[in-house]
């Protein structure tokens, strides 16, 4: 058994990459992940990746913000220290709307982005787990787990026929620890 | 597929020949990966002197108090709040470009959103410093937050627009910062993977470990879309609330329901003018002509005519309603604006905001870099005067004629204002130096569909209608980044 861990197919063009993914899937090669310098639309369907649920997360955080704002204002202005302002009602709802809105947006944005960072393991100082340094620049890289997929020559051929400009056999998973 | 073909009739968003993905990276990272040029240093030194002046003038204000400003008993708000509203307004264009244009799928935003958002953040910093300094005892600024009674007062009054403003501005600033930084992550990762040594370590920390995998991008796009969705009403709410600081008072000239839409239009107007001021210079100095094209400049000028005209209609409506209301104080306030001792400020505002931007109806002028730049400065001046007119002319002659006075700024007022411009440019120039001024990943998205190169290829392949191809080549005339001789050749 060779000690190759990952096979990387480099494409120069997103359309070639999509073509390559099709070919690999036809050849029953499982794809570990794809690294690209920009978002590729439609690739999730191809790889069978589920729709992100971050929208629901954002909604929940937003509602939390709304509820926080209205309860805070109610507690401070209506319950804890009601002030007589010209005999007007203490619970002056229309006046509370702006801050309810602002806190909804604030909680929604921070909650959603925080969740995004958390689920994708993005944090300041985290070692970048990059398989190829050009994947953030101009190469569209398909990574194939070499242990799970035997017949490496066959995979190389599929990639080259699909238009890969370079095929790499990496013995280490990530290059960025060097 | 990743690249759908766009109609040939649409003008290109990226020009230049032999543009590849790596060339986009190379071009945009020139200022980040190399030593800055002379133009940058000159700009930076001048701005840094301005920022130094700001530090001095603000420290002076903190030490001796707001009595050092030209304020008096009658005019309690003047250059401070003028400066605050001016800066907040300027910030609005950044969010408009990054959020509203994203929701409308305006792809031309892709190459200007990064620097416009940076501008928003720096403008809001300038605005916030005015708010802190005008408090008189700035170390007590946290009293504006809802803190318990033990701090010596009641809870803050949530019925007051000034409290709404605290929430609005701080939410606006922090959400804009998050939006901007999340968008920066993939580009910081690009710099990281090209750098070596210490630079790589620094950008590695800043990149949060971005790797560009499928799932990261998928979620990234959703996060951007939702952030755009919540930022759009946010940006409208911010200037609405700023306008309510005035509109909910009983001062003639302030107490009007037209203020929220009028302020928001004015904010977008001044913000786009500032984007023009900055980007026209940036594209020249940093050689970004292929990415920030004449189409971008013209589109922004069109928004300037639109919002400038809305502001013009608002000015006229205010005059009409003052007359039509029959309220004598309201009528006097506007008569005093137009023909009182501050008539020159009013007419400067009218000229700069309403009359001069109208010459953008002429195509030659709105596609000229020099004219666009000059008019953007004119608009900025006009919008400063708008806020000055609203604030000072309404206050200086109130209900009690025995208290009528004029406002004269002190040297501290002037230094804080000039200094805040210095601070703004210092921050912007530093940004250009350390972070990519154009969102590389987003520009790469346009390469296969909206670039001049891709469209010419279609024409050469003969896959488009001859008439449409000629129309397209004709629309390239205005581009200063495409040589006309090449276009002629293609036509034949």
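The values are calculated or read from the model by the stated rules, or taken from the named source; none is laboratory data. These numbers come from a predicted model, not from an experiment. Note that we place each Cβ from the backbone using ideal geometry, even for glycine, and neighbour counts take in every protein chain shown.
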Residues in the range A:43-52 that are surrounded by fewer than 15 Cβ atoms within 10 Å (Cβ to Cβ) and under 11 Å from residue A:17 (Cβ atoms): how many? 0
Of (1) at positive phi; (2) modelled with pLDDT under 85, residue A:121 satisfies all except one. Which? (2)
Please list, ordered by residue number, the helices (runs of 4 or more DSSP H) wholly in the range B:3-103 having 3 or more residues that are away from chain A (no Cβ under 14 Å) and over 30 Å from residue B:465 (Cβ atoms). B:38-64, B:79-95
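In this structure, does residue B:323 turn out to be surrounded by fewer than 21 Cβ atoms within 10 Å (Cβ to Cβ) and touching a residue at least 24 places away in the same chain (Cβ under 8 Å)?
Numbers: surrounded by fewer than 21 Cβ atoms within 10 Å (Cβ to Cβ): yes; touching a residue at least 24 places away in the same chain (Cβ under 8 Å): no.
So residue B:323 does not fit the description; no.
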Residue B:167: modelled with pLDDT under 95, within 7 Å of another protein chain (Cβ to nearest Cβ), out of contact with any strand residue (DSSP E or B) (no Cβ under 9 Å at 6 or more places or on another chain) and at positive phi, yes or no? no
Output for the range B:141-159, where each listed residue is more than 25 Å from residue B:77 (Cβ to Cβ), in a helix (DSSP H, G or I) and more than 8 Å from chain A (Cβ to nearest Cβ): B:150, B:151
Which members of the range B:95-120 meet the condition of being modelled with pLDDT of 90 or more and under 16 Å from residue B:236 (Cα atoms)? B:117, B:120
Does residue B:476 count as within 29 Å of the chain's Cα centre (by Cα) and closer than 21 Å to residue B:116 by Cβ? no
Single unsatisfied condition, residue A:135 versus (1) touching a helix residue (DSSP H, G or I) at 6+ places or on another chain (Cβ under 7 Å); (2) closer than 21 Å to residue A:31 by Cα; (3) buried (at least 21 other Cβ atoms within 10 Å of the Cβ): (1)
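Go through the range A:120-138 and give me each residue that's more than 7 Å from every other protein chain (Cβ to nearest Cβ) and either in contact with a strand residue (DSSP E or B) (Cβ under 6 Å, 6 or more places away or on another chain) or without any contact (Cβ under 8 Å) to a residue 40 or more places away in the chain (or both). Outline the logic, then answer.
First pass over the range A:120-138, keeping only residues more than 7 Å from every other protein chain (Cβ to nearest Cβ): A:131-132, A:134.
The answer is A:131, A:132.
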Would you check which residues across the range B:189-210 are surrounded by 23 or more Cβ atoms within 10 Å (Cβ to Cβ) and within 18 Å of residue A:138 (Cβ to Cβ) and list them? B:189, B:190, B:191, B:192, B:193, B:207, B:210
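Okay, residues lined up against (1) in contact (Cβ under 8 Å) with a residue 12 or more places away in the chain; (2) facing chain A (nearest Cβ under 7 Å); (3) within 14 Å of residue A:133 (Cα to Cα):
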position: B:161; (1), (2), (3): yes, no, no
position: B:187; (1), (2), (3): yes, no, yes
position: B:201; (1), (2), (3): no, no, no
position: B:230; (1), (2), (3): yes, yes, no
What about residue A:7, is it surrounded by 14 or more Cβ atoms within 10 Å (Cβ to Cβ) and within 11 Å of another protein chain (Cβ to nearest Cβ)? no
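One residue is enough: does the range A:54-63 have a residue meeting the conditions at the interface with another protein chain (Cβ under 7 Å from one of its Cβ atoms), crowded, with 17+ Cβ neighbours inside 10 Å and in a helix (DSSP H, G or I)?
There is at least one residue in the range A:54-63 that is at the interface with another protein chain (Cβ under 7 Å from one of its Cβ atoms), crowded, with 17+ Cβ neighbours inside 10 Å and in a helix (DSSP H, G or I).
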Exception for residue A:91 within (1) surrounded by fewer than 21 Cβ atoms within 10 Å (Cβ to Cβ); (2) outside any helix (DSSP H, G or I); (3) at the interface with chain B (Cβ under 9 Å from one of its Cβ atoms) falls at (3)
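Do we find that residue A:36 is in contact with a helix residue (DSSP H, G or I) (Cβ under 9 Å, 6 or more places away or on another chain), more than 9 Å from chain B (Cβ to nearest Cβ), surrounded by 15 or more Cβ atoms within 10 Å (Cβ to Cβ) and in contact (Cβ under 8 Å) with a residue 12 or more places away in the chain in this structure?
On the way: in contact with a helix residue (DSSP H, G or I) (Cβ under 9 Å, 6 or more places away or on another chain): yes; more than 9 Å from chain B (Cβ to nearest Cβ): no; surrounded by 15 or more Cβ atoms within 10 Å (Cβ to Cβ): yes; in contact (Cβ under 8 Å) with a residue 12 or more places away in the chain: yes.
Taking the combined requirement at face value, the residue does not satisfy it.
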Do you know which residues across the range A:11-21 are surrounded by fewer than 21 Cβ atoms within 10 Å (Cβ to Cβ) and touching a residue at least 40 places away in the same chain (Cβ under 8 Å)? A:12, A:13, A:16, A:19
Restricting attention to the range A:21-33, which residues are touching a helix residue (DSSP H, G or I) at 6+ places or on another chain (Cβ under 7 Å) and within 12 Å of another protein chain (Cβ to nearest Cβ)? A:21, A:31, A:33
Kindly indicate whether any position in the range B:249-258 is within 12 Å of chain A (Cβ to nearest Cβ), touching a residue at least 60 places away in the same chain (Cβ under 8 Å) and surrounded by fewer than 22 Cβ atoms within 10 Å (Cβ to Cβ). no
Single unsatisfied condition, residue A:83 versus (1) modelled with pLDDT of 85 or more; (2) surrounded by fewer than 21 Cβ atoms within 10 Å (Cβ to Cβ); (3) assigned to a loop (DSSP other than H, G, I, E, B); (4) facing chain B (nearest Cβ under 8 Å): (1)
Among the residues of the range A:70-80, which ones are touching a helix residue (DSSP H, G or I) at 6+ places or on another chain (Cβ under 7 Å) and within 9 Å of chain B (Cβ to nearest Cβ)? A:73
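One line per residue, one yes/no per condition, for (1) more than 19 Å from residue B:254 (Cα to Cα); (2) crowded, with 22+ Cβ neighbours inside 10 Å; (3) modelled with pLDDT under 95:
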| site | (1), (2), (3) |
| --- | --- |
| B:282 | yes, no, yes |
| B:294 | yes, yes, yes |
| B:302 | yes, no, yes |
| B:317 | no, no, yes |
| B:339 | no, no, yes |
| B:365 | yes, no, yes |
